[in-house]
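Written out below as structure tokens is the structure these notes cover.
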């Protein structure tokens, strides 16, 4: 066997091993990134369900002629803002995620005020449609929380994979960047100030 053939074979084997590693890294990264994007789509789907339920809730509440219009207007405006704030799944940046989260938090806050205000309307509280919508909203809030947790889990798997050495080297070459996580609202780490007023 010729002497020059051994280094060539070693180089070919080494090149093939590097190629296999790069292909494996790329394919796994694509899979993990796609799983995280699908999980984000599930978050948006859960928020869309809530948005649809709120529309039905608003219609039901509007039927109560003497209901406080300002509270209802706040919910309608917050719902419009929340539904107009969307994120392209291929561009989940921290800034866009924060804007999306802020709009959803505004809607949650307006909805909470609406539900507290309803307590002063016994006829509305007894309305079967209202009670059913309220129950579905509670279930949807739980779905949203689960969907956000699953999204963060998928992002964590993806981020860890592309940050590990030597994958980190290939991540830069192939354009795999860290994804933004869904974070708690600012101040949510503090216990709420609950004030019960007895009359």
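So the values come out like this:
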quantity: Filtered residue count, region 49-83, keeping only those that are without any contact (Cβ under 8 Å) to a residue 12 or more places away in the chain and assigned to a helix (DSSP H, G or I); calculated: 7
quantity: Residue in region 174-182 that is modelled with pLDDT of 80 or more, closer than 26 Å to residue 25 by Cα and over 21 Å from the mean Cα position of the chain (by Cα) present; calculated: yes
quantity: Breaking point among (1) buried (at least 18 other Cβ atoms within 10 Å of the Cβ); (2) in contact with a helix residue (DSSP H, G or I) (Cβ under 8 Å, 6 or more places away or on another chain), for residue 100; calculated: (2)
quantity: Within region 120-140, tally of residues that are outside any helix (DSSP H, G or I) and touching a helix residue (DSSP H, G or I) at 6+ places or on another chain (Cβ under 7 Å); calculated: 1
quantity: Of all residues in region 155-176 being surrounded by 14 or more Cβ atoms within 10 Å (Cβ to Cβ) and free of Cβ contacts under 8 Å to residues at least 60 places away in the same chain, the one that is farthest from residue 109 (Cα to Cα); calculated: 159
quantity: Pair list, Cβ under 7 Å, 6 or more apart: region 12-25 residue exposed (fewer than 10 other Cβ atoms within 10 Å of the Cβ), other residue outside any helix (DSSP H, G or I) and at pLDDT 90 or above; calculated: none
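The values are calculated or read from the model by the stated rules, or taken from the named source; none is laboratory data. Keep in mind that what you see is a predicted model, and the values were worked out from it rather than measured. Note: ideal-geometry Cβ built from the backbone for every residue, glycine included; neighbour counts use all protein chains shown.
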